[in-house]
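Values quoted throughout were computed directly from the atomic coordinates according to the rules given, and no laboratory measurement underlies them. Keep in mind that what you see is a predicted model, and the values were worked out from it rather than measured. Neighbour counts are summed over all protein chains in view; Cβ atoms, including those assigned to glycine, are modelled from backbone coordinates with ideal geometry.
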Amino acid sequence: MRTLAFFSFLFFFFNVSSQAFASANSHNSVSVGGWQTIVDTQDPNVQKVAKFAVSEYAKQQGQSFELADVVAAQRQVVAGLKYRLLLVAKTPTGNVSKYGVLVDESLKGDLKLVAFEPVRPSASTNSSSKTKVGGWETIINLQDPEVRKVATFAVSEYGKQQGASFELVDVFAARRKVVAGVKYQLVLDVETPSKSVSKFGALVNQSLKGDLELVSFAQAN
């Protein structure tokens, strides 16, 4: 199977406005293994991670980037902390653009920039049920039965191809496109045969008759 450009769409879910994050009740309670919304994006730790991400990305690019704002943030406790942020940054040309960021923080407090991706505007992000022909649409409701069905199929089909047991843990992000059927791009948390949980990017085609085809299934590096 061809390799899926995982991080190229990992942050498409950030196209959903901050309203998708605002439903959380508190940023003080962080459950181990689960993503928790950080309501206060001015939280000192969030700002520290955001500034690090922009600074590190600037170094990698050899150009000047400046943090303008943190629009949304989440964190996960897994042998340290993981942060995923939606940032607004000033580019070298002076333009202001949005970026999806993933940062790991070790138990010692060391930070590592995992991904820093520009966010492309979505044609519509107000509803998980409204799908525009020809354009990718973010699916806000990740518990949507159709999304779960496609995700379960992808993991099951990959397990059959590998001759091993893989189990769907959660749907991390999803979007779809209507083109002579429906195409789904998913980011999944999957339990591997070794019982560890890893992220996989999946691409699934659904025909007009409803038949599903697994096009690509690749583990994140």
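Converting phi to 3J(HN,Hα) with the Karplus coefficients 6.51, -1.76 and 1.60 and the offset θ = phi - 60°, the stretch 176-191 yields 9, 9, 9, 8, 6, x, 9, 10, 10, 10, 10, 10, 10, 8, 10, 7 Hz in sequence order, with x at every glycine or proline. Here each label is just a point 7 Å from Cα along the line to Cβ, and for Asp69 and Asp211 those points are 4.9 nm apart.
Model label sites at Ala180 and Val88, defined 7 Å from Cα along the beta-carbon direction, differ in position by 4.2 nm.
Here the Karplus relation 6.51 cos²θ - 1.76 cosθ + 1.60, evaluated at θ = phi - 60°, turns the backbone of the stretch 166-173 into coupling constants of 10, 10, 5, 9, 6, 9, 7, 6 Hz, with x for every Gly and Pro. Each Lys or Arg adds one and each Asp or Glu subtracts one; over the other residues with Cβ under 15 Å from the Cβ of Glu191, this totals -1. Near the amide H of Gly135, within less than 5 Å, lie the amide hydrogens of Val178, all on another chain or at least 5 residues away, with H placed in the peptide plane. Segment Asp40..Thr192, full-extension length gain: 51.3 nm, with 0.36 nm per residue of separation and the alpha-carbon distance subtracted. One compactness figure for the stretch 137-219 is 1.03, namely its Cα radius of gyration divided by 2.2 N^0.38 Å.
Annotation for Asn95 and Gln219: the two label points, set 7 Å from Cα along the Cα-Cβ direction, are 3.7 nm apart.
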